[in-house]
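A quick write-up on the structure given underneath.
The values are calculated or read from the model by the stated rules, or taken from the named source; none is laboratory data. Note that the structure is predicted; figures quoted are calculated from it, not measured. Cβ placement follows ideal geometry from the backbone for every residue including glycine, while neighbour counts extend to all protein chains displayed.
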Amino acid sequence: ASEGGKVYLYAEGNAVAKAGQTIDISGGTISGDAGSAELSSGGDMELGGNFVGYANEPYKKGSFLIDPVDLTIDSLIEGTGDYTLTATGDIHHKIGGDVIIHSGSFTGQAGTDYIIDSTVSITADNNIEIRADNSITTAGDLTSKTGSIIFVADYDNNKTGNFKMTGGSINTSDTNSFIAILAGRDVILAGGEIKNSGVNEDIGIGIAAGHNINVTGTTVTSEGGKKIWFLPNCLDTSGNFNMTGGKIQMESGSKDIEIGFHLYWHPFPGVTIKFFVVPEYIFIKGGSIVNDGTGNIVLRAYYDIYVDVSLVKTSSGRIIYDIIYGGGHFTTYGYDSEEEGEDRKEQKRMVGRLLSQFKCETIKLR
């Protein structure tokens, strides 16, 4: 057996590791774990090159840790194994700053903002996780072949970080994969496409915001029939769901498209506890919400729902409008409010799985 070694590179000031350099910590050609490598800088770093941490199954693949202050990626990073970028400041993938990870996962964690420019491609065989203590802005293309893709803006839980998508794509297709987008403040979907092509009975796309979710131009698609869930107002008391463009679509299957979460729990006879994560208001003035499977479209708000019903369509399921507050209003042009009677145990589990990605101790429940 032969195992990969350890590589430590430290710079007190700025550092440059550009395309053309190679760090190889692979295990033996027949057996043995791969090693580990760390590139650390007391200042800023420009990063690129080839990082190899291959190991035959069932041996452990290599791990790479990069941790400067501000990190700029403007040339190709290609690696085998699990790869982690951390910075106390910004992480910025500029044009040309692509990432290709073979047989491993990719994690990026910024102490301030995480920025992915247009035409940038980040691809990993396993999970992709992008985190920022402040905001995340992406216009690039992110693809996980067999894992999930998770974004967490406002990772330090100060309720100020936004997630904004202006173009590009976020794609995964594995059976057990999901896409989770979480922000302590607002989620802004202004362009590009979010798509989960996997098929199973769990949540496929979950988008949660401490305050508002604004959909103005992004297409959100569950191709294989996994549930789509939007949860605005998770950490606030005045967040809304606003849609003026884009498209939310379920292409097949029996799962629902849902905005908000609402549960009645009966712990003892005669005792009912109601809790929910719902927007104060829902406004659907543009774009479209379409369920082409057999499932429903469920819109939940604490106060009022304003919707152009020509924009909300199902193939064979129901359109359900659920207003939590008894004095709330439902304004539309053809549908009456319906009481919802489906079992919420499965939904509670799914919401818990999604919201567990938040690095915070309390989700607002009323």
What's the number of the condition Ile150 fails, among (1) without any contact (Cβ under 8 Å) to a residue 40 or more places away in the chain; (2) under 24 Å from Lys61 (Cβ atoms)?
(1)
Scan segment 285-323 residue by residue and report those that are under 17 Å from Asn240 (Cα atoms), under 27 Å from the mean Cα position of the chain (by Cα) and in a loop (DSSP other than H, G, I, E, B).
Tyr302
Only one of (1) within 24 Å of Arg185 (Cα to Cα); (2) at pLDDT below 95; (3) assigned to a strand (DSSP E or B); (4) of a type outside the set (Asp, Glu) does not apply to Tyr264, and that is (1)
Just the residues that are under 13 Å from the mean Cα position of the chain (by Cα), among the hydroxyl-bearing types (Ser, Thr, Tyr) and over 17 Å from Ala132 (Cα atoms), please, taken from segment 154-207.
Ser169, Thr172, Ser177
Within segment 40-50, can one find any residue that is in contact with an Asp or Glu (Cβ under 7 Å, 6 or more places away or on another chain), closer than 18 Å to Ser105 by Cβ and assigned to a strand (DSSP E or B)?
yes
Within segment 124-164, track down each residue that is at pLDDT 95 or above, hydroxyl-bearing (Ser, Thr, Tyr) and closer than 22 Å to Thr216 by Cα.
Ser135, Thr137, Thr138
Scanning for something in a strand (DSSP E or B), under 21 Å from the mean Cα position of the chain (by Cα) and surrounded by fewer than 18 Cβ atoms within 10 Å (Cβ to Cβ), does segment 87-94 turn up at least one residue?
no
With the checklist (1) at pLDDT 55 or above; (2) under 26 Å from the mean Cα position of the chain (by Cα) in hand, flag the one item Lys359 doesn't pass.
(1)
Just one of the numbered conditions (1) under 30 Å from Ser135 (Cβ atoms); (2) part of a loop (DSSP other than H, G, I, E, B); (3) not aliphatic (A, V, I, L, M) is not true of Pro58; which one?
(1)
Any strands (runs of 3 or more DSSP E) falling wholly within segment 139-197 and containing at least 1 residues that are among the polar types (S, T, N, Q) and in contact with a strand residue (DSSP E or B) (Cβ under 8 Å, 6 or more places away or on another chain)
141-144, 163-172, 187-196
Could you list all residues from segment 61-86 that are in a loop (DSSP other than H, G, I, E, B) and of a type in the set (A, V, I, L, M, F, W, C)?
Val69
Residue list for segment 178-215, restricted to those being closer than 21 Å to Tyr114 by Cβ and polar (S, T, N, Q):
Asn212, Asn214
Members of segment 50-69 found to be touching a residue at least 40 places away in the same chain (Cβ under 8 Å) and crowded, with 24+ Cβ neighbours inside 10 Å, listed by number:
Gly53, Lys61, Gly62, Phe64, Pro68
Could you identify the single residue in Glu346, Glu280, Glu339 that is modelled with pLDDT under 80 and closer than 22 Å to Cys234 by Cβ?
Glu346
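Evaluate segment 208-220: report whether one residue or more is touching a Ser or Thr at 6+ places or on another chain (Cβ under 7 Å), more than 15 Å from Ile150 (Cβ to Cβ) and either in a loop (DSSP other than H, G, I, E, B) or in contact (Cβ under 8 Å) with a residue 24 or more places away in the chain (or both). Explain how you work it out, then say what you get.
Step one: filter segment 208-220 for residues touching a Ser or Thr at 6+ places or on another chain (Cβ under 7 Å), giving 216.
Checking which are more than 15 Å from Ile150 (Cβ to Cβ) leaves us with 216.
From what's left, either in a loop (DSSP other than H, G, I, E, B) or in contact (Cβ under 8 Å) with a residue 24 or more places away in the chain (or both): 216.
The answer is yes; a qualifying residue exists.
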Within segment 113-123, is there a residue that is within 12 Å of the chain's Cα centre (by Cα) and closer than 25 Å to Ser222 by Cα?
no
How many residues are of a type outside the set (Ser, Thr, Tyr), surrounded by 14 or more Cβ atoms within 10 Å (Cβ to Cβ), modelled with pLDDT under 80 and in a loop (DSSP other than H, G, I, E, B) when one looks only at segment 4-31?
5
Would it be correct to say that Asp304 is modelled with pLDDT of 90 or more and of a type in the set (Asp, Glu)?
no
Scanning segment 124-140 for residues that are over 13 Å from the mean Cα position of the chain (by Cα) and among the charged types (D, E, K, R), which turns out surrounded by the fewest Cβ atoms within 10 Å (Cβ to Cβ)?
Asp125
